[in-house]
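Colleague: Submitted below is the structure of interest, expressed as structure tokens.
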Amino acid sequence: MNSEARSQTLSRGLQTLETLTRAPQPLSVADTAAELGLHRSIVYRILRTLEDHDLVSRDASGRYCPGPGLAVLARSVARDLQSAAAPRLQHIAKTLGITAFLAVQEGEDCVTLLAEEPHHTGITTVAQRPGSRHPLSSGAPGIALQSMLSESAWEQLHPGLPYRQESREARERGYAVSHDEVIAGLRSVAAPIRASNQRAAAIAVVYLSTEHSEAVIGELLRETAEQITAALG
């Protein structure tokens, strides 16, 4: 096998992982193949290889979703940031009864590094898998990350992505909100972590409903982001 073929195989495997992490629900082999524009037999072999390494897993119906191996890989990324955020995510999830997570910017995507779901709340919560990603141009975490830059700096770094009015508002109040942007029916609130020695990051929550107002959630996240920034020095 020549180097070009090996590169193509690796590229297809990574594209498969990206497709699964972006999907709001597990995908079948046929669904994944359609998303990638590849033959089902090729995608099946890729998925089985990824499954052998715990990078994808199958649910009861045989559909594929991101696997626990991605979380293991994610732990080696921005370790100081994750260590500072982990206990605070647990506190947020327990206090608010909704899922809390840490997201970082990767190119023009927003990627989840760490997530904490509440326990024994009696209400439906939203799962947020480490490794999942969505475009930086949508959702509260993306807005929060954008708010860390001036409009001119953003346009220079991301000429294809407009600077949102919501980012201007987030810069003033210290947190961002979004409704129905990444997944229909979900709400999110996020606050930027302004640590100069770390990659651009935000702490966020995602939920269907909650008894807490967005202002209360936003202030808690803003204060938590400041605590994480201080812990990172």
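Colleague: Choose one answer from G160, G13, G218: the residue with the largest mean-square fluctuation in a GNM of the chain with alpha-carbon springs under 10 Å.
Modeller: Fluctuation is largest for G160.
Colleague: Can you tally the net charge around T32? Count Lys and Arg as +1, Asp and Glu as -1, for every other residue whose Cβ sits under 13 Å from the Cβ of T32.
Modeller: Values: positive: R12, R22, R40, R45, R48, R58, R63; negative: E18, D31, E35, E51.
Local net charge: +3.
Colleague: Under a plain spin-label model, where a point goes 7 Å from the Cα along Cα-to-Cβ, how far apart in nm are E108 and T124?
Modeller: With each label point 7 Å from Cα toward Cβ, the separation is 3.3 nm.
Colleague: Extending each Cα 7 Å along its Cβ direction at S61 and Q25, get the distance between those two points in nm, one decimal.
Modeller: Taking the simple label geometry, S61 and Q25 are separated by 0.5 nm.
Colleague: Another question, if that's okay. Return a whole-number percent for the relative contact order of the stretch 122-233, with Cα pairs under 8 Å and 6 or more residues apart as the contact set. All intermediate terms of the calculation are to be shown ahead of the outcome.
Modeller: Working: 167 pairs, mean separation 28.5, N = 112.
About 25 percent, as a whole number.
Colleague: Then there is this: Could you give the Stokes-Einstein D for the chain in µm² per second, using the C-alpha Kirkwood radius, 37 °C, 0.692 mPa s?
Modeller: Numbers: Rh = 18.5 Å.
Roughly 177 µm²/s, to the nearest whole number.
Colleague: Could I ask something else about it? Each label point is 7 Å from the Cα along the Cα-to-Cβ direction; what then is the distance between the points at Q8 and D52, in nm?
Modeller: Here the answer is 2.0 nm between the modelled labels.
Colleague: OK, next. Would you calculate a helix-derived [θ] at 222 nm for the chain, using -39,500 (n - 2.57) for each DSSP H run of n ≥ 4 and dividing by the full residue count, to the nearest 500?
Modeller: Details: 9 runs with 108 residues, N = 233.
Value at 222 nm, helices only: -14500 deg cm²/dmol.
Colleague: Something else now. Just the accessible area per residue of the stretch 12-170, please: how many Å² with a 1.4 Å probe?
Modeller: Values: 7870 Å² over 159 residues.
Heavy-atom SASA per residue in the stretch 12-170 reads 50 Å².
Colleague: Further question: Rounded if a/c is under 1.5, else prolate if a/b beats b/c, else oblate: with a ≥ b ≥ c from the C-alpha gyration tensor eigenvalues square-rooted, which is the stretch 84-129? Show your work: numbers first, answer last.
Modeller: Values: a/c = 3.58, a/b = 1.78, b/c = 2.01.
Because a/c hits 1.5 or more and a/b fails to exceed b/c, the stretch 84-129 counts as oblate.
Colleague: Compute the FRET efficiency between E155 and L36 as 1/(1 + (r/R0)^6), taking r as their Cβ-Cβ distance and R0 = 25 Å, and round to the nearest 0.05. Please list the in-between numbers first.
Modeller: On the way: r = 32 Å, r/R0 = 1.28.
After rounding to 0.05, the efficiency reads 0.20.
Colleague: Using Cα springs under 10 Å in a Gaussian network model of the chain, which residue among A140, A184, A215 shows the largest mean-square fluctuation?
Modeller: Per the Cα network of the chain with a 10 Å cutoff, A184 tops the list.
The values are calculated or read from the model by the stated rules, or taken from the named source; none is laboratory data. Quick caveat: nothing in here was measured; it's all calculated off a predicted structure. When we count neighbours, we look across all protein chains shown, and the Cβ atoms used for this are built from the backbone with ideal geometry, even at glycine. Accessible surface is based on the protein model in full, side chains and every heavy atom, while ligands, DNA and RNA are left aside. Shrake-Rupley method; radii C 1.70, N 1.55, O 1.52, S 1.80 Å.
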